[in-house]
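The values are calculated or read from the model by the stated rules, or taken from the named source; none is laboratory data. What you are looking at is a predicted structure, and each value in this text was computed from that prediction instead of being measured. FYI the Cβ positions are ideal-geometry reconstructions off the backbone, even for glycines, and counts take in every protein chain you see.
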Ligand code: PEP
Ligand code: MN
């Protein structure tokens, strides 16, 4: 029997473990709908997908913009997915807000204080990712810009930081999970995909996050990762994601016994 759909309130209750999954970027209607239908078979109803992409090089795929948001809306309409998508700047805040159920602030905008204030003025959940050059203290202070403007519907996401280590794309700061949970009243999630950089590291980092007490995971999933227009090496295919999903749940079940 499938568990009942989770709601936005469940995000903040911290009683339910939350999976947010979906492609790095929205690329096509087919890609997004196929992914949404797959996630639904697992009982997942929070879907990610960037329509405005913060790419390191201006020559890289920048996202489908509003067309991408419309594709996410189709997935929501058909499958009931709650949509998590990034707002990159104040210029597209109104447009993104129309389509997003949860606004994502990306790592590069963790200290964009004017944008933080703007999303803080809205009555909509905000998922903020740790800046890869920010300390935990700075990350906590970033959340205070949002709450200070009146919005306490905040989810904090550890997504890896820059260190001298370069065997992985970023270094997942697993310590941030228990530390943040002491410092903020908000749910603390982990994005294992961006620090991993490679699909095969995503599962071990996910299990570590669960072991450390994360309230949720945000994971990149693509029907054909090798064809992805961004982050192709780290996105999981459906089979890989399903196995990870089962193992994470098995670990959680075991942990709940003690
Ligand atoms: C993303 O999650 O789409 C993303 C761009 O990640 P980050 O902001 O953590 O680099
Ligand atoms: Mn990505």
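So which residues in the stretch 148-169 are over 18 Å from residue 9 (Cα atoms), part of a loop (DSSP other than H, G, I, E, B) and more than 16 Å from the chain's Cα centre (by Cα), if there are any at all?
Result: 149, 162, 163, 164, 165, 166, 167, 168, 169.
Taking the criterion of being without any contact (Cβ under 8 Å) to a residue 40 or more places away in the chain, closer than 23 Å to residue 24 by Cβ and surrounded by fewer than 21 Cβ atoms within 10 Å (Cβ to Cβ), would at least one residue in the stretch 134-152 satisfy it?
Yes, the stretch 134-152 has at least one match.
For residue 107, work out the one condition from (1) touching a residue at least 60 places away in the same chain (Cβ under 8 Å); (2) within 21 Å of residue 220 (Cβ to Cβ); (3) away from ligand 1 (no atom under 13 Å from the Cβ) it doesn't fulfil.
Result: residue 107 passes all but (3).
Could you please find all residues in the stretch 11-35 being within 19 Å of residue 191 (Cβ to Cβ), away from ligand 1 (no atom under 16 Å from the Cβ) and part of a helix (DSSP H, G or I)?
11, 12
With the stretch 82-136 as the region, which strands (runs of 3 or more DSSP E) entirely inside it contain at least 1 residues that are more than 16 Å from residue 63 (Cβ to Cβ), within 15 Å of ligand 2 (Cβ to nearest atom) and at pLDDT 95 or above?
Passing ranges, in order: 126-129.
Go through 236, 198, 205, 180 for me and flag whichever is in contact with a strand residue (DSSP E or B) (Cβ under 8 Å, 6 or more places away or on another chain), within 16 Å of ligand 1 (Cβ to nearest atom) and more than 30 Å from residue 141 (Cα to Cα).
The match here is 236.
Can you pull out the residues in the stretch 215-232 that are crowded, with 19+ Cβ neighbours inside 10 Å and without any contact (Cβ under 8 Å) to a residue 60 or more places away in the chain?
Hit for the stretch 215-232 is 225, nothing else.
Quick one: how many residues across the stretch 7-27 are exposed (fewer than 15 other Cβ atoms within 10 Å of the Cβ) and over 18 Å from residue 101 (Cβ atoms)?
Going through the stretch 7-27 one residue at a time, the tally reaches 1.
Conditions (1) crowded, with 19+ Cβ neighbours inside 10 Å; (2) part of a loop (DSSP other than H, G, I, E, B); (3) modelled with pLDDT under 95, marked per residue:
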residue: 37; (1), (2), (3): no, no, no
residue: 43; (1), (2), (3): no, yes, no
residue: 52; (1), (2), (3): yes, yes, no
residue: 68; (1), (2), (3): yes, no, no
residue: 72; (1), (2), (3): yes, no, no
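When the residues of the stretch 143-171 are narrowed to those that are over 13 Å from residue 126 (Cβ atoms) and touching a strand residue (DSSP E or B) at 6+ places or on another chain (Cβ under 7 Å), which ends up nearest to ligand 1 (Cβ to nearest atom)? I'd like the intermediate steps shown before the answer.
Step one: list which residues in the stretch 143-171 are over 13 Å from residue 126 (Cβ atoms), which gives 158-171.
Pick out the ones that are also touching a strand residue (DSSP E or B) at 6+ places or on another chain (Cβ under 7 Å) and you get 158-161, 163, 165, 170-171.
Values: 158: 10, 159: 4, 160: 8, 161: 10, 163: 15, 165: 17, 170: 8, 171: 13 Å.
Restricting to residues being over 13 Å from residue 126 (Cβ atoms) and touching a strand residue (DSSP E or B) at 6+ places or on another chain (Cβ under 7 Å), the top hit is 159.
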